[in-house]
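First up is the structure itself, then whatever we jot down about it.
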């Protein structure tokens, strides 16, 4: 019984129909039993074997029989007490089923709506938190990222100016690596060659080397779009690149490789 879900209309209707059939069957059995008892009592009361009356002296009552029409008979049978009771129970069960179904749908709809609103609220809050964290991290490197990247209204730029974010991040990367190359007497070259030379001299480790290539790849796609294979970037791409840039700047700062930007 614990596993029965009465909010399921099929289970509810099955139980209602079974109950109606059981009730009707029980009611008919009781009626038949009472009828048999009455017949037996009548038979015993007027039995010829009881010696109350002789067969020859039995008085037959005058019986005037009026045959009912077939339509009237069917009508009377249809509106008999048994059928009316059955019809009432059926209509009552239908009303209960509709009521329970409507109530359950209303409850489920409200729960689904509340859950959707909760998820949307959490998503918006999470998005706001991520944007705020990125902005706070970039503010610490304001001398490094400006003027290439304007931090003010960064959330709108992430949503509406994705290409600006991606290209600006690549320019910042190139500016930072160029400064590190000059500090370590490495010749100026293309961005790809600077990354390679700094990694070769172990100034960039495998992690920072991967960060640099990620920022470069997105920036190059924006700077050199392909006519045959167009690519559209979204806010997730902008967040990925900015997060990678922040992680790279944190490591370079820890290694004291951003000294040239302290008084910029």
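Every read-out reported here was derived from the displayed coordinates using simple, explicitly stated rules and does not represent laboratory data. None of these values were measured; they are calculated from a predicted model. FYI the Cβ positions are ideal-geometry reconstructions off the backbone, even for glycines, and counts take in every protein chain you see.
Points to keep in mind about this one:
- The fraction of Cα-Cα pairs per 10 angstrom bin, counted from 0 for the stretch 129-264, comes to 12, 45, 33, 10, 0 percent, rounded to whole percents.
- Peptides 230-237, 174-181, 253-260, 131-138 ordered by packing proxy, namely the average of other Cβ atoms within 10 Å per residue, highest first: 174-181, 131-138, 253-260, 230-237.
- Alpha-carbon centroid distance for the pair the stretch 216-264 / the stretch 164-191, whole angstrom: 11 Å
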